[in-house]
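The values are calculated or read from the model by the stated rules, or taken from the named source; none is laboratory data. From a predicted model like this one, the values you see are computed outputs, not experimental measurements. Cβ coordinates were reconstructed from backbone atoms using ideal geometry, including for glycine residues, and neighbour counts include every protein chain displayed. Each accessible area value is taken on the protein alone, full model and side chains, heavy atoms only, with ligands, DNA and RNA left out. Shrake-Rupley method; radii C 1.70, N 1.55, O 1.52, S 1.80 Å.
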Amino acid sequence: MAACAIAPALSQTTFGITVTNRHDKAKTNTPIVLNLDEYGIDVKSALVTADGKETACQLDDLDQDGRMDELCFITDIGADESRKFEITLYETGRPKKYEPQVYVEMLLSNKKIKKNNKQNLYISELTVDNGTNPYWQLHHHGAAFENDMVAYRIYFDHRQTVDIYGKYKRQLELKETQFYPDDRQKAAQYGDDVLWVGSTLGLGTLRGWDGHKPTMLNDVEKRSQKIIARGPIRTIVEVKDKGWTPQAEAPGATPIDMTALYTLYAGRRECSVDVKFDKQAEDLMLSTGFINVKNSTEFSDKRGLRGCWGTDWPVSAKDSVGHKRETVGLGICIPEKHIVSEEHADKDNYAFVVKPTNNELHYKITFCSDNETFGYHSDKEWYDFLKEWKEDLANPVIIKKE
């Protein structure tokens, strides 16, 4: 990943784009993403302006081959409105540091440091062989990422669970709390872990499916996590299962490589989950969904949008000292083309059976904490938000090059 920049005019291309919102509702913090392949230059830096004012942007090398693949920025746009932007791409230049609006980290646990929010062994990626479980060697058990509204982490083990961290105030704070706020930070209303996930689906975790229940991602030759993008506009974490054999005990089962990108934009609650397979996967049955929070109510439109609202301890009973019960709203939105079935809630999960199309699988997850001073505080409010969220996703902006 590299931040955008202003560069000397050596080799460059400049063009305009028009972004149009044909929906009858305004959009806020809408991601605008341009694929750089069509522009024919090795982009090193970029400048985005609208009405003569610079807009923070970001360049990302998604496949890590040394060439930038995408340019992104975010914008607000009114109902039935169009906005024009001027884009300049440069083959040279020094990175310009925009104000960070997101943050991501991976750390190894430093046993010499006893405080959970003072760890210092930062890494960008880790790959382990079959039979190796780094869960306890990684601080907060895997990559963690945030914007000023929400924070997520992904367990680095056979569960690969997506877990959440709720906030009181809109601010970046993981660099200070490292997912484990101390007493001083809690008194200052920093956020905390707000969900106990155990071996459930957590929030939008992707698992196998044995015909009856979700299955863990065992039988993997190599498992990895990698930070692909660090901001300032979005974070991207890659989770790869190389040589995964779903239902390894089944006759004729063969391994497949599965790569998932978890993307979080500034100012957005949702995390996008985009999964690709290296070979034919049309018949591969998978599962996702979210935990059945204790005493939760449920909402579903029966067309891929599902949510719950409930209250439970955010940690196991033996670790509950110093914690309070937490109320959360969870949500998932899955395109209907991927849905095989919406399963009835059991004691653990609200689950879906899903399948790839064209060897890809895409869905989005979101949540809120009742602690938020800026969010939602009842199941009705939360379910109303989920309906608006799906409507917003179903009406993307149109990007036209001038």
Check your understanding: Residue by residue, what Karplus-based ³J(HN,Hα) values in Hz, rounded to whole numbers, does the range 171-180 have, using 6.51, -1.76 and 1.60 with θ = phi - 60° and x for Gly and Pro?
Key -> 6, 7, 8, 5, 4, 8, 8, 6, 6, 10
Revision key, fill the gap. Applied in sequence order to the range 55-66, the curve 6.51 cos²θ - 1.76 cosθ + 1.60 (Karplus, θ = phi - 60°) yields integer Hz couplings, x standing for Gly and Pro, of 10, 4, 9, 8, 10, 9, 9, 5, 9, 6, 9, x
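So, with a 1.4 angstrom probe, what is the percent of accessible area on the chain that is carbon and sulfur? Walk me through the numbers on the way to the answer.
Numbers: 8620 of 18020 Å².
Whole-percent figure for carbon plus sulfur exposure: 48.
With a cut-off of 8 Å between alpha carbons and a minimum separation of six or more residues, what is the relative contact order of the range 56-151 in percent?
Values: 91 pairs, mean separation 21.3, N = 96.
It comes to 22 percent, rounded to a whole number.
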Check your understanding: What is the distance in Å between the Cα centres of the range 141-203 and the range 234-309?
Key -> 19 Å
Revision key, fill the gap. For the range 260-363, the count of lysine pairs 8 or more apart or interchain whose alpha-carbon atoms are under 15 Å apart comes to 6
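Roughly speaking, what is the stretch gain from Glu381 to Ile41, that is 0.36 nm per residue apart minus the C-alpha to C-alpha distance, in nm to one decimal? Can you show the working numbers first?
Working: separation 340, 0.36 × 340 = 122.40 nm, distance 4.74 nm.
The span from Glu381 to Ile41 would gain 117.7 nm if fully extended.
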**Study point:** Unit Cα scatterers, Debye sum, the range 133-178: log10 I(q)/I(0) for q = 0.29, 0.33 Å⁻¹
**Key:** -1.03, -1.20
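Mind jotting down a quarter of the surface of the convex hull over the alpha carbons of the range 256-402, in square nanometres, one decimal?
Values: hull surface 46.9 nm².
Directional mean of the projected Cα hull area for the range 256-402 stands at 11.7 nm².
Take the alpha carbon atoms of the range 194-250, find their radius of gyration, then divide it by 2.2 N^0.38 Å using N residues; give the quotient.
Working: Rg = 14.4 Å, N = 57, 2.2 N^0.38 = 10.2 Å.
Ratio of Cα Rg to 2.2 N^0.38 Å: 1.40.
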Study note, to complete from the structure: Ile339 and Arg22 label points (each 7 Å along its Cα→Cβ direction) are spaced in nm at 2.4 nm
Revision key, fill the gap. Computed over the range 175-277, the Cα gyration tensor eigenvalues, each multiplied by 5 and square-rooted, give semi-axes in Å (largest first) of 32, 18, 12
Exercise for review: Search the structure for amide H atoms under 5 Å from the amide H of Asp182, placed 1.01 Å from N in the peptide plane, and list their residues when 5 or more places away or on another chain.
Suggested key: none
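What does the C-alpha gyration tensor say about the overall shape of the range 339-400? Classify as rounded when a/c is under 1.5, otherwise prolate if a/b is larger than b/c, or oblate.
Details: a/c = 2.52, a/b = 1.14, b/c = 2.22.
It comes out oblate by the Cα gyration axes.
Expressed in whole Å with the largest first, what are the equivalent ellipsoid semi-axes of the chain derived from the C-alpha gyration tensor as the square root of 5 times each eigenvalue? Could you put the intermediate results ahead of the total?
Numbers: eigenvalues 210, 123, 114 Å².
The three semi-axes for the chain are 32, 25, 24 Å.
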Review point. Taking 0.36 nm per residue of separation and subtracting the Cα-Cα distance, what length does fully extending Asn120 through Asp65 add?
Key: 17.0 nm
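Starting from the Kirkwood Rh over alpha-carbon pairs, what translational D in µm² s⁻¹ does the range 268-346 have by Stokes-Einstein at 37 °C and 0.692 mPa s?
Values: Rh = 15.1 Å.
For these conditions, the coefficient is 217 µm²/s.
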Check your understanding: Taking Cα atoms, how many degrees apart are the long axis of helix 379-393 and the longest axis of the chain, rounded to 10 and kept between 0 and 90?
Key -> 40 degrees
Check your understanding: Cross-link partners among lysines for Lys96, C-alpha distance below 18 Å, same-chain residues fewer than 8 apart left out?
Key -> Lys44, Lys53
Exercise for review: Sort largest first and round to whole Å: the equivalent ellipsoid semi-axes of the range 53-126, each the square root of five times a Cα gyration tensor eigenvalue.
Suggested key: 35, 18, 12
Practice item. Run down the aspartates and glutamates and flag those whose C-alpha is under 13 Å from the C-alpha of Lys401, throwing out any fewer than 8 positions away in its chain. Key: Glu38, Glu86
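Kindly provide the trypsin sites (Lys or Arg not before Pro) of the range 312-402 that DSSP labels as loop, not H, G, I, E or B, and whose Cβ sees at most 13 other Cβ atoms within 10 Å.
On the way: sites: Lys318, Lys324, Arg325, Lys337, Lys347, Lys364, Lys380, Lys387, Lys390, Lys400, Lys401; in loops: Lys324, Arg325, Lys347.
Answer in residue order: Lys324, Arg325, Lys347.
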Study note, to complete from the structure: Along the range 25-42, Karplus-curve 3J(HN,Hα) (6.51, -1.76, 1.60; θ = phi - 60°) to the nearest Hz, with x for Gly and Pro, reads 10, 5, 10, 10, 6, 7, x, 10, 10, 10, 7, 8, 4, 6, 9, x, 10, 7
Exercise for review: Report the extension gain between Glu360 and Ala253 in nm, rounded to one decimal, defined as 0.36 nm multiplied by the number of residues separating them, less their alpha carbon distance.
Suggested key: 36.6 nm
Review point. Any idea of His377's accessible area? Nearest 10 Å², probe 1.4 Å.
Key: 90 Å²
Review point. What's the FRET efficiency of Lys169 with Ile398 using the Cβ-Cβ distance as r and R₀ = 25 Å, to the nearest 0.05?
Key: 0.10
